[in-house]
Every structure is written in C-alpha cells, then in structure tokens.
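A.B. asks: Sharing a structure here in structure tokens format.
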Amino acid sequence: MAEKTDYAQIIESRRYPGKELMSSARFLVILFAIFALFIFIFTNVLIGVQVNGSSMEPTLYGGKMTASGRYYGGDYLFVNALATPDYGDIIVFHATSEISDNSELIKRVIGLPGDTIYAENGVLYRKHAGEADYRKVEEPYLGEAWTQTLEEYTVPEGEVYVLGDHRSVSRDSREFGSIPLKSVVGVVTGWSLRHKDVLTEIFEVLHRIRGWFEIG
C-alpha cells in the first residue's frame, strides 16, 4: 500500500524553507543557555570544596597527610555562596597568611555580630546581642572532652566567631578572633553534609580534571 503524501507538510516546507534550521538553532540556544546556567550555579552559587586537616573531626574527615605534607582523601562538600551564616552552620572563609598557610578554612559558627561568648571548663556559653542572660551552647557534634576556659569575647559588627569541632587541634577564633563576614565563601549545604560520603566517592575521580579549594 502506497504511503499517503502529506501535502500540507510539503506546502509548509516550501513556504518556510528555513523553519527546520531555525528550530535546530533554537534548540542549540536553549541547550547552551542551560549549560551556561549550570556552569554559573556550580562556580558562583554552589562551590565545591574538599576538606584538608583534622580541625572539624569527627563531623568532617580531613584526609591523610602524605609525605609531601599535603592531605589526601578528605570529604567533598558544596557551600552555598548566597546563604547567610547562622548558629551552628559550617562555613568556609578566606584566611589571611597570618592565620593559616591554607587560603581557605572551614569552621563552625558559634557567635553572630553583637553576641558575647565565654567558656568555663569546656562548657560554652553565649549571650545574644541585646539580651542580659547567657545560655549554654549545646554541642553534640564534639567528639572529644573539651576543658578549656575562655574569657568573655563580644563579636564585633560585621563579624562571626568560629570554632573547629576538634578543639584540641583547631586554630580558630580562640586564637585569631572573629572573622569578617565579607571573608566568608559560603555555608556548607545540608544536603552535601548528609551525602558527603557519596560525593567524596564521585569527586575522587572528578577532582583530577577540575580544581577544588583546599581548606583546613
């Protein structure tokens, strides 16, 4: 049986000979726009980082130190560059050379602007800005006994007070004071924190073809 000729399609193709080409061009433009948006998001909004060093253990694994003095095999995470740091958030921030040899560090937010912080025998207390009373800061993420006593410290405006979860080895606000909010790269996303093991397995392969921040 002979196929039926679609005269309407023939007439349409003769009337608009460039229609198919324009359709293909629109598809390529849309595809390029999606790709560009993907690249923008994962380089400017969601930024991949790898943890180096033990300052955030046991929450985050910082890898093993090689003979060259560099860490290898630490957790991979994503930080949200648009998020505003809040209590308990894990953040990545730019560090000056006086603070660390690493250009970026990762710590936990303990105090926000205007808060006053102090610790007594390893128990941390925080007085929120504008309040009169201190409240104990619950820290279930610590993996070791912490017995340090800290004098009162009031966080200046535009800064945050940060501590590592591995207090006995971490260099943090106890040593260099609070850090400017403008130096914060981003806040570690909850989903990447929950799935860090899977992300680490995936990006152990991908890290060979793209650069990641090294943080400690």
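A.B. asks: Residues Val187, Val137, Val162, Val169: which one is touching a residue at least 24 places away in the same chain (Cβ under 8 Å), within 25 Å of Leu46 (Cβ to Cβ), surrounded by fewer than 21 Cβ atoms within 10 Å (Cβ to Cβ) and not small (Gly, Ala, Ser)?
C.D. replies: Every option except Val187 fails the conditions.
A.B. asks: If you go through segment 112-132 one residue at a time, do you hit one that is under 19 Å from the mean Cα position of the chain (by Cα) and closer than 19 Å to Val160 by Cα?
C.D. replies: Looking for residues that are under 19 Å from the mean Cα position of the chain (by Cα) and closer than 19 Å to Val160 by Cα, one finds at least one in segment 112-132, hence yes.
A.B. asks: Hand me the list of strands (runs of 3 or more DSSP E) wholly inside segment 117-194 holding 1 or more residues that are touching a helix residue (DSSP H, G or I) at 6+ places or on another chain (Cβ under 8 Å) and not β-branched (Val, Ile, Thr).
C.D. replies: Correct list: 150-154, 159-163.
A.B. asks: Among the residues of segment 148-163, is there at least one that is within 26 Å of Gly73 (Cα to Cα) and assigned by TED's automatic domain parsing to the domain that holds Thr84?
C.D. replies: Yes, segment 148-163 contains at least one residue that is within 26 Å of Gly73 (Cα to Cα) and assigned by TED's automatic domain parsing to the domain that holds Thr84.
A.B. asks: I'd like the full set of residues that are of a type in the set (Val, Ile, Thr) and within 23 Å of Asp86 (Cβ to Cβ), limited to segment 173-207.
C.D. replies: Ile179, Val184, Val185, Val187, Val188, Thr189
A.B. asks: If I ask for residues that are surrounded by 15 or more Cβ atoms within 10 Å (Cβ to Cβ) and within 23 Å of Leu124 (Cα to Cα), which ones from segment 71-98 would you list?
C.D. replies: Pro85, Asp89, Ile90, Ile91, Val92, Phe93
A.B. asks: Here is a further query. Determine, yes or no, whether Tyr61 is in a loop (DSSP other than H, G, I, E, B), in contact with an Asp or Glu (Cβ under 9 Å, 6 or more places away or on another chain) and either in the same structural domain as Val188 (by TED's automatic domain parsing) or exposed (fewer than 13 other Cβ atoms within 10 Å of the Cβ) (or both).
C.D. replies: Considered against the rule, which asks whether it is in a loop (DSSP other than H, G, I, E, B), in contact with an Asp or Glu (Cβ under 9 Å, 6 or more places away or on another chain) and either in the same structural domain as Val188 (by TED's automatic domain parsing) or exposed (fewer than 13 other Cβ atoms within 10 Å of the Cβ) (or both), Tyr61 comes out as yes.
A.B. asks: Give just the number: which of (1) at pLDDT 65 or above; (2) in a loop (DSSP other than H, G, I, E, B); (3) more than 23 Å from Ser168 (Cα to Cα) does Lys4 not satisfy?
C.D. replies: Only one criterion is unmet by Lys4, namely (1).
A.B. asks: In addition: Within segment 16-35, is even one residue touching a strand residue (DSSP E or B) at 6+ places or on another chain (Cβ under 8 Å), assigned to a helix (DSSP H, G or I) and at pLDDT 60 or above?
C.D. replies: Taking every residue of segment 16-35 in turn, none turns out to be touching a strand residue (DSSP E or B) at 6+ places or on another chain (Cβ under 8 Å), assigned to a helix (DSSP H, G or I) and at pLDDT 60 or above.
The values are calculated or read from the model by the stated rules, or taken from the named source; none is laboratory data. Just so it is clear, the structure is predicted and the values come from calculations on it, not from any experiment. All Cβ positions, glycine included, derive from the backbone under ideal geometry; neighbour counts span all protein chains shown.
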